[in-house]
Structures are given as structure tokens and as C-alpha cells.
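Worksheet: one structure, shown below.
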Amino acid sequence: MPGIPMRSGGSKARIAVIPGDGIGAEVTPQAVRVLKAVCASGNRALEFVEFDWGADKYLREGVTLPPGAVELLRDEYDAILFGALGDPRVPLNQHAADILLGLRFKLDLYVNARPVELLHDRLTPLRDRTEKDIRLIVFRENTEGLYVGVGGVFKQGTPDEIAVQEDVNSRKGVERIIRYAFEYARQNRLKRLCMSDKSNAMTFAHGLWQRVFKEVRQEYTDIDSRHLYIDTLAMEIIRDPRQFDVIVTCNLFGDIISDLGAQLAGGLGLAPSGNIHPGKTSLFEPVHGSAPNIAGKGIANPLGSVLTSAMLVEFLGWKPQAAAIRAAVRAALRENYVTPDLGGNRSTVEVADWLVQLVGKADFAEQLK
């Protein structure tokens, strides 16, 4: 995918690593290994510091985000490589909400960037579609909407129970994500942008999206921009994904439509994402979640985490390293050197071993110069 805005562009960076729960603790170390190998080949220096924030710490100590954690990450690290959170031992996965949503909100990571890119023709469920047909990016507003936790329950546990969840949208929040999407399209020479909402039903919340979109698009007449209701977008992205380059939408719809897109590109095991505030410490995580049903079996797909690491180094301004990681993943898919979910018979570690060996070869190193 085209690049994302840089954090530094220097030759050194400090990365906080939060493996988390389930398969997050299995795939994240493998992504770190690939990062170390590709950066060594390209004379880039990465310092990794691991934090044990997750279900085990929460169950042992009652701690989710320790005091001062947000300030520490903001002030002392260039980026965060995140695994996954979620554990059936924790009621309502409270630790996951406190850590992941807490970091998104407190670091003001207002851009959730989710590339949707088919890396091998055999992976898409769509008939007669090829790699050139599925290549887009979804920008999801990441700090507002239905995820802010405004609401409550009245008369809980009774037949008269009422639950209310508020959809919070500010002009500032809506405008900055829409403007970010337009700027991304312009900087990467992408000609088509689609804003999606449900303003025909959510007349107040998404009426704001409509007004802001109509104003901002006037500044970007070089980009073919249009609006689709979210249900129409869901149908159209399946009917013909070739018509989309950039999609921008609210928190909830972005969560859903990017997962739909991920399935078109081979499934959540291949889906990376970035939680970004341009120029500030940002967080990168695979989309697949903690998958406790397969944790500990050695079969978790590490490619989503590896592709996430490519987004991270691109954020640092290290585009050759990002390109090398993506090329290595494509090569693994081409050779079918993958885990069972993608039709292979390799373990998590075996796939990572193969990628590390590939990016360490002389011809790969030569590409980074």
C-alpha cells in the first residue's frame, strides 16, 4: 500500500512491544524477529522494550495500564507494536478495553488505518478477482462514535430494562479524519475517495458527517470523491472492489467494513492496522485478535503481525524496509510456506524462520541500499 505519514525518518527508533494475550504473545515475537532482520540488513537500529500488560498481569495484580504508562509511551517511544488482548478469564475483557481503547483515546490516535490488499489471487473468495482488483485502504475515525462509552443501563435485570449507547461525533473529530483521508489520497496519487455514513437514519450524528464532507471536498477537487450509505458500500465493495481507493467512515462502520475487506483479501490473519496520530507516538496491531481457541498450538498465522510491522517501519520513514517485509510475505504466500489457515502446513515459528532467512539474504539487503 502507499505510505503513511512519518514519525521521524531517522536511522534509530525505540519501539514499545505489548504482546498481550493469546496468540498475540505468539505472533508478536516473530514479527520482532523479522523487524530485527530486515533493519539489520538496511543499517537501521531498533531498540525493543517489552511490557507485560495483559490478562495475566491484570489477574495477578489488578493492573491494566500502570500509572504513568501513557506518558511513558508518548514521551520515550517512537511507536508501539501491539499483539492482541482478550481472555475468557477476565469478565467482559475489561483489561482489553482499558488498555487498547485507553491508549487510543489517551494518545489521541484518531486515525485507524486498515489496508485491504490482496497479496495472492488464490486467497480471495471473489470469483475471477486478482491482486490488482483489491487494493484499497479504510480510514476509521478512532476516538469518537459509539466506542466512547457514553450511555448506561436502567432497571438492569428486570423486564423493563433499558440500555442506551450514545454516538458521539464532534466537528473537530469528523473534520480531521476526513481531511486526513483526502490528504492521504492526494499525497499517494490516489484518485477516488468514498465517505460512508448512515445519515438517512442517523440524521443528527451523521448529518454532521455530511456537512463536513461537503465542505472539505471543495478543497480537493483533484480527487473524485463521493458518498455512499454504509449498507450500499458493503454491497458495492463485494460487487466490485476495484472502484475503491480510499474509504473514510466513523468508528463503528470502519470496524465492520474493514473486516469485510480483510476477508476479501484472505482473512483476518493477513490484516494489519495502524492507530495513528501523525507525527506522534502511534500504535500498530494486527486485526485478528487473541484467538484463545488456537492459542498455544503453534499454528497462529504471524503474517498479520509481520505486515503490521511493515506499517510501523513505514511510519518511521523507512520505506525500503517496509517494502522488503511485504515482498517477503508475498514470497511466502507464493511458495505456500504458510500456516494451516492459509492452506499450508507450517508452524508459526517455521513461517517466521523462513521470512527471517529471506530478508537476511544479500539480494534483499541490496534492495535496501
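The numbers here are math on the coordinates, done by the rules we state, and not lab data. No experiment lies behind these values; they were computed from the predicted model shown. Quick reminder, even Gly has a Cβ in these numbers, built from the backbone with ideal geometry, and neighbours come from all protein chains shown.
Quick notes
- Bridges between two residues of the stretch 135-264, per DSSP, are antiparallel at a rate of about 25%.
- Interatomic Cα distance distribution for the stretch 282-329, bins of 5 angstrom, percent: 5, 21, 24, 20, 14, 10, 5, 0
- Most mobile listed residue (128, 231, 222) in the chain, GNM with C-alpha springs under 10 Å: 128
- Sites residue 363 and residue 49, calculated FRET efficiency, Cβ-Cβ separation with R0 25 Å, nearest 0.05: 0.20
- Short-range pairs are left out: with C-alpha atoms under 8 Å and at least six residues apart, the relative contact order of the chain is 26 percent.
- Rounded to 5, percent antiparallel among DSSP beta bridges of the chain: 40 percent
- Residues of the stretch 193-225 with an amide N closer than 17 Å to a point placed 7 Å from the Cα of residue 235 along the Cα-to-Cβ direction: 196-201.
- Exposure proxy order (Cβ contacts within 10 Å, fewest to most) of 235, 311: 235, 311
- Where Cα atoms sit under 29 Å apart: lysine pairs in the stretch 135-264 separated by 8 or more or lying on different chains: 5
- Each residue of the stretch 284-289 is assigned a 3J(HN,Hα), and the resulting list reads 10, 8, x, 7, 5, x Hz, derived from the Karplus form 6.51 cos²θ - 1.76 cosθ + 1.60 (θ = phi - 60°), x at Gly and Pro.
- Ratio of Rg to Rh for the stretch 262-356: 0.98 [Cα atoms; Kirkwood radius as inverse mean 1/r over pairs].
- For q = 0.13, 0.20 Å⁻¹, Debye-computed log10 I/I(0) when each Cα of the stretch 211-321 counts as one equal scatterer: -0.66, -1.26
- Loop-resident trypsin sites (Lys or Arg not before Pro) (DSSP state other than H, G, I, E or B) in the stretch 203-286 with no more than 15 further Cβ atoms inside 10 Å of their Cβ: 280.
- Averaging the Cα positions of each part gives two centres, and for the stretch 44-111 and the stretch 283-328 these lie 17 Å apart.
- Rounded to whole Å, sorted largest first: equivalent-ellipsoid semi-axes of the stretch 135-264, Cα gyration tensor: 29, 17, 12
- At 1.567 mPa s and 4 °C, Stokes diffusion of the stretch 62-197 via Kirkwood alpha-carbon radius, µm² per second: 70 µm²/s
- For residue 134, net neighbour charge (Lys/Arg +1, Asp/Glu -1) across residues whose Cβ lies under 11 Å away: -1
- P(r) of the stretch 1-95 over all Cα-Cα pairs, binned every 10 Å from zero, in whole percent: 14, 40, 32, 12, 1
- Pairwise FRET efficiency - residue 97 versus residue 127, Cβ, R0 = 56 Å, nearest 0.05: 0.90
- Exposed loop sites, defined as GluC sites (Glu not before Pro) outside DSSP H, G, I, E and B with at most 13 other Cβ atoms within 10 Å, are absent from the longest region of the chain, namely 1-160.
- Per-selection Kirkwood Rh - the chain (Cα, Å, 1 d.p.): 21.1 Å
- In sequence order, calculated HN-Hα J values of the stretch 35-52 (Karplus, 6.51, -1.76, 1.60; Hz; x Gly/Pro): 4, 4, 5, 6, 6, 5, 5, x, 6, 10, 10, 10, 10, 10, 10, 9, 10, 8
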